[in-house]
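Visitor: Here it is: the structure, laid out below.
The values are calculated or read from the model by the stated rules, or taken from the named source; none is laboratory data. Source: prediction; values computed, not measured. Note: ideal-geometry Cβ built from the backbone for every residue, glycine included; neighbour counts use all protein chains shown. What goes into the accessible areas is simple: the full protein's heavy atoms, side chains included, and nothing from ligands, DNA or RNA. Shrake-Rupley method; radii C 1.70, N 1.55, O 1.52, S 1.80 Å.
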Amino acid sequence: MTEPAHSAEPRSRVERYDPTAVEPAWQARWAEARLYDTDLSDTSKPRHYLLTMYPYPSGDLHIGHWYIVTPTDAIARFRRMHGLNVFFPIGFDAFGLPAENAAIKNGGHPFPWTMQNIEKMRRQFRTMGATFSWDHEVVTADPAFYRWNQWLFLRFLEHGLAYRKKSPVDWCPNDGTLAREQVEGVDRHCWRCGALVEKRDLEQWYLRTTAFADELLDFTGLDWPEPIRTQQTNWIGRSEGAEIDFTTAPSGHHQEHETLRVFTTRPDTLFGATFMVLAPEHPLVAALTAPERRAEVDAYIEQARRRTEIDRMSTDRDKTGVAIGAEAVNPVNGEHIPIFIADYVLSGYGTGAIMAVPAHDDRDFAYARQFGLPIRRVVATPGTDADSPVEDAYIAHAADEQLVNSGRFDGLSADEGGRRIVAALAESGAAQPKVTYRLRDWLISRQRYWGTPFPIIYCPTDGIVPVPDEDLPVRLPETVDYKGSGSNPLDHDEAFLHVECPRCGGPARRETDTMDTFIDSSWYWFRYLSPAKDDGPVDRALVDAWTPVDQYTGGAEHAVMHLMYSRFWTKAMRECGLIGEGEPFRRLFNQGQILGADGERMSKSRGNVQDPDELVQRYGADAVRLFLMFMGPWDQGGPWSPTGIGGVSRFLNRIWTVALDAHGREPGDPASGVLAAGETEAAARDALRAAAHRTLRDVTADYEAFHFNTMVAKLMELSNTLFRYRGTPVAGGPEWDETLRLLLLMLAPAAPHITEELWSRRQVAAGRPWTSIHLESWPAVDEAATTESTREVPVQINGKLRDRIVVAADADQDTIQGAALAAPRIVAWLDGRVPDKVIVAGGGRLINVVLRDG
RNA sequence: GCCGAAGUGGCGGAAUGGCAGACGCGACGGUCUCAAACACCGUUGAGUGCAAGCUCGUGUGGGUUCGAAUCCCACCUUCGGUACCA
């Protein structure tokens, strides 16, 4: 370490700050001193589990990773300074599509590709100076981790939370199942081979997320951002309504009185049902279709299967559909209505069939218009002609609206009428109240190699047989032959495929699907607590002590999938008696996303990835960390631009200068080293100390609220204040010294290296042994130092600023009002007129003089 | 389409019912230097005025209020998610 250069020579220069030398040296020293090891069994301090979403090992740590991680690290350091025992682990979400794509393309294996990427990212992570508990790292592609996915899956199976069902996937004849992003163009072709994508029905595994639908709607005790809670609530989409059984009318081509069950949220509009629509996939379509309609119906079904769900749900495109040549009978009045199939009805929601009430539903209205079907009003406000033509679907719920055209239910309110209609039909079993959810069970089967194998064996005699716990893990084979195709190589891996049935010992076949990677991220934070544990997935005592996670940080793009699956999985583990609590994350913060310079998501394929390494080389990790925090609000993100990093770099250099060269003067500034005209030395000392403590008060609040951008701005102001006093008699005095000390402590969580270096030099200068600034306590605000004797009050006339007055800090409202009305410029504006009103706002913070026709 | 979010100087942003533009970038002017770079100091929303100042100004249009970037209604644009990217 160099000695601090405290020179009395006015034009002295200290050596320039060189982050490339300082930062790695401190990183090594911290690691050596094991400064950030967390003792999970330490109960002497309050525990704080700080979690940030673990990265996918794409191979390069880009600036987006820094944006997620380095402010979170600042939180970790800030909390440690408050005496908390902070656990801040990291790991890698190592299964997934990109590794597989690389292997297919280059003829390799996903495993080494992934592990090399992880190795590189670990090195890059270390340059951040982050305080990770590396000895708790989890890599999900390690059998030591995914073994427990298998084990947990088997527990869920035992508890009825996992089941098997046939469902369609996007299928390419050459490359097998495709992800949504692998289907391109309006004609929906395969990204790799260009073949047209079709749907294929496969038996697949599901997890019963809907079992917890109501519990997932309950956010009690969770401090989560409201937009996320709203998105999850809407995603679950609870709707109350009724199931109503229509029957089919007699016809020559099918059996009469087949039951057609519909779900509706508006049973009150049952008399307004003028047609029925089935999803094209509805199981009765084939049986009900009239022979002369069959060709057209089959063609429509084929066409619907090629559309995406988003496309199908779009309400602004023209409605399509075909009549199937059959009729349904309305149970409430025996009316016969035609049956259609249309792709705006989805098979996965409700019963896959709707009664269409065009007068009171937008989509039904559009369909009726398109196909010239009758529209009958059944709800109206009093005074509306019940039979006037309906120009627009009328949906709004007015308090006084009543049923019309509804037989004996006419005149009832919509709510009451709906209840009575359901009750009346319920007597004959033709209706019952029903709650449905938009939420679907979680399809976890993937027709891919690079994931957790299902611990399932199919035996010709015993059927579906779980792999016994003692045979876990079912390992992925270490050699793999993709044959240049995207389809799952496990399907033709003879050694993997053939297995003895654990029950009968006969020849059997392994499940070749693997698990969705969202499974890994649904419980990885539990595993961080005991990553090496080999007799169970979690250490119950540690889980009880450390979870729910106190603070989770990560992107809002995970609002409904990862963040919902994690809540489900935690509840499912609780249901199996493995843990005690049902919520994973007590407090959540969603930071924004850093986009490429082009405003698009950063990705290797777009070529817009920003590598932080060269910025770190040039400006240092502290400058990069600070710049990312300073750019804007953390929850906002935005397109990447390095413009402005010079500003924070300059800020750090100024701190370096004031800290090491208090008495130096700037030759470029003629006023340097001189107090402002009229400022006494005593006043300057007070002003400096007041600035320091006000900054401390505000910066503390900013850290608490994760308002890092304003936190940095306030520290810049304080360093500017110090710079202004540099070289004056105030510099180097006790107030100066206190201010500098506070500045370093406040900056330490955000810029850990430079503050440690300067802290260390102060200790050397004072002849004390080294102790890390990162083991210091957060300083306390001296409230007395922050008070002022006078303050400025803006005076407005009709809301426009016209003057400012200075009053004593403790002046009462009457005094302030009097002073405001006596201010020369206000007197001139009033020009003898008497104000209509004078508003003293915010306890005397502002005066507004109201002058009508002024 | 549906769900969620965001629109403020040349740029990133601050202010979430009370002084619009903190802090920083860029630009311009200056100091230092033999010079350049670095560094430092100052100016910088638009219009108008010799000036004090005045007028306008927070995506668009309307509304509430003594007072609106902030609250309400309608719309426009951009971003995230939309169940096999993670």
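Visitor: What percent does the relative contact order of chain A come to when contacts are Cα pairs within less than 8 Å and at least six residues apart?
Guide: Averaging sequence separation for qualifying contacts and normalising by length gives 15 percent for chain A.
Visitor: Right, next: So how much slack lies between A:Ile310 and A:Asn709, counting 0.36 nm per residue of separation and subtracting their Cα-Cα distance, in nm?
Guide: 139.9 nm is the gain from fully extending A:Ile310 to A:Asn709.
Visitor: Another question about this same structure. Once Lys and Arg get +1 and Asp and Glu get -1 on their Cβ, which of A:Tyr703, A:Asn488, A:Ala295 lies farthest toward the positive end of the dipole of chain A?
Guide: A:Tyr703
Visitor: From largest to smallest, what semi-axes in whole angstrom does region A:469-585 give when each is the square root of 5 times an eigenvalue of its alpha carbon gyration tensor?
Guide: 33, 20, 12
Visitor: For region A:496-654, build the charge dipole from Cβ charges (+1 Lys, Arg; -1 Asp, Glu) around the Cα centre, then report which of A:Met629, A:Phe526, A:Pro612 sits farthest towards its positive end.
Guide: About the Cα centre, the residue reaching furthest to the positive side is A:Met629.
Visitor: Something else about it: Per the 1.4 Å probe, what fraction of the accessible area of chain A, in percent, lies on carbon and sulfur atoms?
Guide: Answer for chain A: carbon and sulfur cover 50 percent of the accessible area.
Visitor: Also, quick follow-up: Residues in region A:310-329, backbone N under 13 Å from the label point at A:Lys199 (7 Å along the Cα-to-beta-carbon vector): list them, ranges by number please.
Guide: Flagged as within label range: A:310-313.
Visitor: Using the scaling law 2.2 N^0.38 Å as the reference, what is the normalised Cα Rg of region A:51-208?
Guide: It is 1.33.
Visitor: When the Cα atoms of region A:481-538 are enclosed in a convex hull and the volume is divided per residue, what value in Å³ results?
Guide: 145 Å³
Visitor: With charges set only on the Cβ (+1 for Lys and Arg, -1 for Asp and Glu), what does the dipole of region A:567-642 come to about its Cα centre, in debye to the nearest 20?
Guide: Rounded to the nearest 20 debye, it is 260 debye.
Visitor: Starting from the exponent 0.38 and prefactor 2.2 Å, build the expected Rg for region A:130-217 from its residue count and divide its actual Cα Rg by it.
Guide: Normalised Rg, Cα atoms only: 1.55.
Visitor: What is the calculated FRET efficiency for A:Lys105 to A:Tyr458, with r their C-beta to C-beta distance and R₀ = 35 Å, to the nearest 0.05?
Guide: It comes to 0.65.
Visitor: Moving to a separate point now. Separation between the A:Glu292 and A:Leu84 pseudo-spin-labels, each 7 Å from Cα along Cα→Cβ, expressed in nm?
Guide: 7.4 nm
Visitor: Rg to Rh ratio, region A:720-778, alpha-carbon atoms and Kirkwood radius?
Guide: In region A:720-778, Rg relative to Rh is 0.98.
Visitor: In addition: How tilted is helix A:752-765 with respect to the longest principal axis of chain A? Cα atoms for both, answer in degrees (0 to 90, nearest 10).
Guide: That helix lies at roughly 20 degrees to the long axis.
Visitor: Taking every DSSP beta bridge with both residues inside chain A, roughly what % is antiparallel (nearest 5)?
Guide: If I count the DSSP bridges inside chain A, around 75 percent turn out antiparallel.
Visitor: Nothing charged except the Cβ atoms of Lys and Arg (+1) and of Asp and Glu (-1): what's the magnitude of the dipole of region A:575-690 about its Cα centre? Round to the nearest 20 debye.
Guide: Roughly 100 debye, rounded to the nearest 20.
Visitor: Which Cα, out of A:Val22, A:His189, A:Gln204, lies furthest along the positive dipole direction of chain A (beta carbon charges, K/R +1, D/E -1)?
Guide: A:Val22
Visitor: Mind ranking A:Cys193, A:Cys576 by accessible surface for me, highest first, 1.4 Å probe?
Guide: My answer, sorted largest first, is A:Cys193, A:Cys576.
Visitor: Multiply the residue separation of A:Glu557 and A:Arg804 by 0.36 nm, subtract the distance between their alpha-carbon atoms, and state the gained length in nm to one decimal.
Guide: Contour length minus the Cα-Cα distance gives 84.2 nm.
Visitor: Apply 1/(1 + (r/R0)^6) to the Cβ-Cβ distance of A:Thr259 and A:Lys483, taking R0 = 51 Å, and write down the FRET efficiency to the nearest 0.05.
Guide: Computed FRET efficiency for A:Thr259 and A:Lys483: 0.55.
Visitor: Report, please, the projected area of region A:775-854 averaged over directions, based on the convex hull of its C-alpha atoms, in nm².
Guide: For the Cα atoms of region A:775-854, the hull's average projected area reads 6.9 nm².
Visitor: Hey, another quick one. Suppose each label sits 7 Å from its Cα in the direction of the beta carbon; what would the A:Asp392-A:Leu222 distance come out to in nanometres?
Guide: Modelled inter-label distance: 3.7 nm.
Visitor: Between A:Leu346 and A:Thr680, how many nm apart are label points set 7 Å from Cα along the C-beta direction?
Guide: In this crude label model, A:Leu346 to A:Thr680 measures out at 7.5 nm.
Visitor: Moving on. Helix A:621-630 sits at what angle to the longest principal axis of chain A, using alpha carbons and giving 0 to 90 degrees rounded to 10?
Guide: The angle comes out at about 70 degrees.
Visitor: How far, in degrees from 0 to 90, does helix A:226-236 lean away from the longest principal axis of the Cα atoms of chain A, to the nearest 10?
Guide: Relative to chain A, helix A:226-236 is tipped by roughly 10 degrees.
Visitor: Okay, next question. Give me the distance between the Cα centres of region A:633-674 and region A:66-134, rounded to whole Å.
Guide: 31 Å
Visitor: Restricting to region A:240-345, what percent of DSSP beta bridges are antiparallel, rounded to 5?
Guide: 80 percent
Visitor: What does the accessible area of A:Asp598 come to, in Å² to the nearest 10, when a probe of 1.4 Å is used?
Guide: Its heavy atoms expose roughly 90 Å² to the probe.
Visitor: Then there is this: Tell me, what is a quarter of the convex hull surface for the C-alpha atoms of region A:73-113, in nm² with one decimal?
Guide: Result: a mean projected hull area of 4.1 nm².
Visitor: Next question. Just for the Cα atoms in region A:318-369, what are the lengths along the principal axes, largest first, rounded to whole Å?
Guide: 30, 24, 22 Å, listed from the longest principal axis down.
Visitor: Also, quick follow-up: Taking only the Cα atoms of region A:549-694, how large is their convex hull per residue, in Å³?
Guide: Taking the convex hull of the Cα positions in region A:549-694, it is 213 Å³ per residue.
Visitor: Just the C-alpha atoms of region A:523-622: what Rg/Rh do they give, with Rh taken as the Kirkwood radius?
Guide: Expressed as Rg/Rh, it is 1.12.
Visitor: While we're looking at this one, here's another question. Can you give the FRET efficiency to the nearest 0.05 for A:His189 and A:Glu15, using r as the Cβ-Cβ distance and R₀ = 45 Å?
Guide: After rounding to 0.05, the efficiency reads 0.15.
Visitor: Could you give the radius of gyration (one decimal) and Dmax (whole number) of the Cα atoms in region A:703-818, in Å?
Guide: Considering region A:703-818 through its Cα atoms, Rg and Dmax are 19.6, 63 Å.
Visitor: Based on the Cα coordinates of region A:148-307, what is the per residue volume of their convex hull in Å³?
Guide: Cα convex hull per residue, to the nearest whole number: 227 Å³.
Visitor: With contacts defined as alpha carbon pairs under 8 Å and 6 or more residues apart, what's the relative contact order of region A:416-498 in percent?
Guide: Computed value for region A:416-498: 20 percent relative contact order.
Visitor: I'm a student and want to see the number: the projected area of the Cα convex hull of region A:303-438, averaged over all directions, in nm².
Guide: In nm², the orientation-averaged hull projection of region A:303-438 is 9.3.
Visitor: What share of all Cα pairs of region A:125-166, in percent, falls into each consecutive 5 Å distance bin?
Guide: 5, 17, 15, 14, 14, 12, 8, 6, 6, 3
Visitor: Here's something else I'd like to know. Sort out for me the Cα centre separation of region A:210-252 from region A:503-519, rounded to whole Å.
Guide: 32 Å
Visitor: Expected output is a single nm value to one decimal: the length gained when fully extending between A:Glu600 and A:Arg438, i.e. 0.36 nm times separation in residues minus the C-alpha distance. What is it?
Guide: Length difference between fully extended and current span is 55.3 nm.
Visitor: Now a separate question. Roughly how much of A:Ser428 is accessible, in Å² to the nearest 10, using a 1.4 Å probe?
Guide: Probe radius 1.4 Å; accessible area of A:Ser428 about 90 Å².
Visitor: Next question, about the same structure. Just the accessible area per residue of region A:170-326, please: how many Å² with a 1.4 Å probe?
Guide: Per residue, region A:170-326 has an accessible area of 47 Å².
Visitor: Run the dipole for chain A about the Cα centre, Lys and Arg Cβ at +1, Asp and Glu Cβ at -1, nothing else charged, and hand back the magnitude in debye, nearest 20.
Guide: Once rounded to the nearest 20, the dipole reads 1500 debye.
Visitor: OK, next. Evaluate the Debye formula for region A:204-254 with equal point scatterers sitting on the alpha carbons, no solvent, and hand back log10 of I(q)/I(0) at q = 0.25, 0.32 Å⁻¹, in q order, two decimals.
Guide: -1.04, -1.24
Visitor: Another one. With all pairs of different alpha carbon atoms counted, what Kirkwood hydrodynamic radius in Å does region A:275-361 show?
Guide: Roughly 13.3 Å, rounded to one decimal.
Visitor: How large is Rg over Rh for region A:383-472, taking Rg from the Cα atoms and Rh as the Kirkwood inverse mean of 1/r across Cα pairs?
Guide: Rg/Rh for region A:383-472 comes to 1.36.
Visitor: Moving on. In Å, what Rg and Dmax follow from the Cα atoms of region A:154-198?
Guide: 15.2, 43
Visitor: As a check on your grasp of the helix formula, calculate [θ] at 222 nm for chain A: sum -39500 (n - 2.57) over DSSP H runs of n ≥ 4, divide by the residue count, round to the nearest 500.
Guide: -10500 deg cm²/dmol
Visitor: Taking the Cα atoms of chain A alone, what are Rg (to one decimal) and Dmax (as a whole number) in Å?
Guide: Gyration radius and largest Cα-Cα distance of chain A: 34.6, 109 Å.
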